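Have a look at the structure below, then the notes.
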Amino acid sequence: MNKKGSKLQGELSGILTWAVKGCIECHKKPGEAPKGKDAPKLDKKAKMEYFVEALHENCRGCHKAYNKEFKTKAAPTTCAKCHQGAKDE
Ligand code: HEC
Ligand code: HEC
Ligand code: HEC
């Protein structure tokens, strides 16, 4: 994990192209699972049918594990780190 930055930025668009094409074939529901007080309660399986939930779970799962193991914050886990201008929840 040296060559930080330059290499990863390049890889990221590749990861996304691959992820969007591959994952959505099975995680078919577009966007996020419904949220808010009127939203149905979904178990994990139902939630993972939503493409964005599956994608987030995948990215953040690895990032969290990496940060914990190496006692770092190099791998982003909060919204604003990946979505510019977003507020962290
Ligand atoms: C060939 C079909 C298929 C493809 C392609 C696919 N998935 Fe899945 N995925 C599944 C199935 C089936 C499950 C299990 C759902 C369940 O719990 O019953 C699953 C579960 C998951 C879970 C939840 C795992 C857990 O911790 O329980 C995540 C996260 C996930 N997929 C992410 C992705 C991502 C990201 C991609 C693209 C890189 C992807 N999947 C591509 C079929 C697929
Ligand atoms: C298999 C593990 C793994 C998966 C899956 C993963 N990442 Fe990462 N990611 C990492 C690690 C490790 C780092 C920290 C690298 C470093 O030292 O800067 C990182 C860093 C990043 C960074 C910060 C780059 C920088 O230069 O600061 C972004 C953005 C990122 N990942 C986006 C994503 C996205 C989006 C996904 C899901 C499509 C994803 N990652 C999936 C392991 C992973
Ligand atoms: C590791 C990077 C990463 C983190 C952390 C992350 N996201 Fe995402 N998010 C992505 C990627 C990649 C996509 C799919 C590509 C896209 O649609 O922009 C996505 C898609 C989305 C979408 C659907 C696409 C859209 O623009 O409407 C929403 C909404 C979203 N994220 C909200 C959040 C929220 C809220 C958080 C914090 C709780 C969060 N994200 C954390 C990487 C991340």
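Rule-based calculations on the coordinates, nothing more; no lab input. Quantities reported herein were computed from a predicted structural model and do not represent experimental measurements.
What to note about this one:
- If the segment from K35 to C62 were pulled out straight at 0.36 nm per residue, it would be longer than the present Cα-Cα gap by 7.3 nm.
- Vicinal HN-Hα couplings computed from phi for the stretch 55-71 (Karplus, 6.51 cos²θ - 1.76 cosθ + 1.60; Hz; Gly/Pro x): 5, 4, 4, 5, 4, 6, x, 5, 4, 4, 4, 5, 4, 5, 5, 9, 6
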